[in-house]
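Here's the structure, in structure tokens; my notes come after.
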């Protein structure tokens, strides 16, 4: 009798992996929120709002890194345009946040302040339903997913891959960045969306809301890792890695790579949209700068630093790079990009499998007599 896949999935996941996930859940869903909400600020055990905000932001980045690993690490598709999916998810939820401001803006009008400033008389058609929380959540997933589906269908059907695919994805995100910078597009131009007040009627800056967003970021990250594990341990995942290693042979034995690549590409974009929606209320702003090609390149660096095709590696890479960025941009603001470039060069030359690969090699050496 064939073993059910769910049983095989849980068996394939190591005890260490489940233990690490349980510890992560306990820390992010219980310990840190309790220390932030119930421990007095003057106590050494108190977790500040800054730590919660930075932690939530890094977990959003980690979701994007795992999404990138699914297409680059397991499908061999290097995207340099994933920043656009992240930003579109942020803008989709940002529309809702802007409508939640109501008449509390600088102009005390029903329209967002930037529209009043530009003498807009009514909301454009693509802002329809932006005051609905449920519709906003739908758009967060649907808009990046639809763009990825259409873009991926034509790209993969034309068998564009390798460096050529990377270039056109970078061109896509650059085009969207230029579009969103224009004031007449109705997305706030250079300033984007900011000055958010509330979510579902609750103050967005309240400690309780901050903790809820932090916890949601942790929960979505864990679910993303489990979803990724589910996919790569399935028949779908085996076919996907076969496409990565020898696409022509996969076609020869009767599989159509288009369907597999299009599915994982679209799913990856949707995960980025969810991460963007969680990111915006925690950071307090979304602007076209999130679509810059440099941001998309940095996503690839997170995956490379942590380790491709490992799932947990991109999470580690996103944490290392962004914590380093927080430090170096304060200590050496003029030299941060040099540090980032040097980190990428070192990883490429000496750690081709990333931090996770280095850890595995060290463990093998320790076990081998």
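The values are calculated or read from the model by the stated rules, or taken from the named source; none is laboratory data. None of these values were measured; they are calculated from a predicted model. So basically every Cβ, Gly included, is an ideal-geometry build from the backbone, and we count neighbours across all protein chains shown.
Filter segment 242-257 down to the residues that are part of a helix (DSSP H, G or I) and surrounded by fewer than 15 Cβ atoms within 10 Å (Cβ to Cβ), then identify the one that is nearest to the chain's Cα centre (by Cα).
Step by step, filter segment 242-257, then rank; the result is 245.
Can you report the number of residues in segment 298-332 which are at pLDDT below 90 and within 18 Å of residue 55 (Cα to Cα)?
Of the residues in segment 298-332, 7 are at pLDDT below 90 and within 18 Å of residue 55 (Cα to Cα).
Here's the yes/no breakdown for (1) in contact (Cβ under 8 Å) with a residue 24 or more places away in the chain; (2) in contact with a strand residue (DSSP E or B) (Cβ under 6 Å, 6 or more places away or on another chain); (3) in a helix (DSSP H, G or I); (4) under 20 Å from residue 97 (Cβ atoms):
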| position | (1), (2), (3), (4) |
| --- | --- |
| 119 | no, no, no, no |
| 140 | yes, no, yes, yes |
| 153 | yes, no, yes, no |
| 165 | yes, no, yes, no |
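If we keep just the residues of segment 312-329 that are more than 20 Å from residue 81 (Cα to Cα) and in contact (Cβ under 8 Å) with a residue 60 or more places away in the chain, which is surrounded by the fewest Cβ atoms within 10 Å (Cβ to Cβ)?
323
Output the qualifying pairs, or none if there are none: Cβ atoms under 7 angstrom, residues six or more apart or on different chains, first residue in segment 247-265 and closer than 22 Å to residue 86 by Cα, second residue at pLDDT 90 or above and in a loop (DSSP other than H, G, I, E, B).
What qualifies is 261/75; 261/77; 264/75; 265/77.
Take the conditions modelled with pLDDT under 95, touching a strand residue (DSSP E or B) at 6+ places or on another chain (Cβ under 9 Å) and part of a helix (DSSP H, G or I) and apply them to residue 114. Does it pass?
Here the answer is yes, as residue 114 does meet what is asked.
Give 260, 335, 279, 255 a once-over and let me know the one that is at pLDDT 95 or above and farther than 27 Å from residue 217 by Cβ.
260
It is to be established whether one or more residues within segment 21-32 are without any contact (Cβ under 8 Å) to a residue 60 or more places away in the chain, within 26 Å of the chain's Cα centre (by Cα) and farther than 20 Å from residue 225 by Cα.
Yes, because at least one residue in segment 21-32 is without any contact (Cβ under 8 Å) to a residue 60 or more places away in the chain, within 26 Å of the chain's Cα centre (by Cα) and farther than 20 Å from residue 225 by Cα.
So which of 21, 34, 29, 45 is exposed (fewer than 14 other Cβ atoms within 10 Å of the Cβ), touching a helix residue (DSSP H, G or I) at 6+ places or on another chain (Cβ under 8 Å) and either under 20 Å from residue 284 (Cβ atoms) or at pLDDT 90 or above (or both)?
45
Among residues belonging to segment 258-300 that are touching a strand residue (DSSP E or B) at 6+ places or on another chain (Cβ under 7 Å) and in a helix (DSSP H, G or I), point out the one that is farthest from residue 174 (Cα to Cα).
281
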